[in-house]
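Single-structure report; data block below.
The values are calculated or read from the model by the stated rules, or taken from the named source; none is laboratory data. Worth saying up front: this structure is predicted, and the values here are computed from it rather than measured. Here the Cβ positions follow ideal geometry from the backbone for every residue, glycine too, while neighbour counts run over all protein chains shown. Only protein heavy atoms, including side chains, enter the accessible area calculation; ligands, DNA and RNA are left aside. Shrake-Rupley method; radii C 1.70, N 1.55, O 1.52, S 1.80 Å.
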Amino acid sequence: NDDHDCAPSSGDAWLAAHVPAWIAHGAEVFITYDTGNPDTTHGGGHVYAALAGDSITPATDGALMDHYSALAGVEKAFGLPLLGGAKTARPVPF
């Protein structure tokens, strides 16, 4: 869902309508925002990201991660080779 051009409550409603059902079917869901407006630290600011699912152990990680970190985490989780910038990124711990 694109939550850029609507109220945060609209994005919240979309997540509430979809994520619980996916998790109930065994999915692990990675939710992130790609805009830290007005903060542009490190090119995109501090953005929210969360991983949810029955097999996820609750934790907080304040390490600097980026889109390549998300890619690296997915590639590692599926046993795939790391591509491009994911080779040197800190992977999201899926």
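Here is how the numbers come out for the structure above:
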{"quantity": "Residue list for segment 53-84, filter: among the aliphatic types (A, V, I, L, M), closer than 22 Å to ALA27 by Cβ and in contact with a helix residue (DSSP H, G or I) (Cβ under 6 Å, 6 or more places away or on another chain)", "calculated": "LEU71, ALA72"}
{"quantity": "Pick from segment 82-92, criterion open to solvent by 60 Å² or more (accessible area, probe 1.4 Å) and part of a loop (DSSP other than H, G, I, E, B), ranking: nearest to ALA21 (Cα to Cα)", "calculated": "ARG90"}
{"quantity": "Answer residue from segment 24-72, given it is among the hydroxyl-bearing types (Ser, Thr, Tyr) and closer than 19 Å to GLY11 by Cβ and is modelled with the lowest pLDDT among those", "calculated": "THR35"}
{"quantity": "Scope segment 60-81; condition open to solvent by 90 Å² or more (accessible area, probe 1.4 Å), over 11 Å from PHE94 (Cα atoms) and in contact (Cβ under 8 Å) with a residue 12 or more places away in the chain; matching residues", "calculated": "LEU64, HIS67, TYR68"}
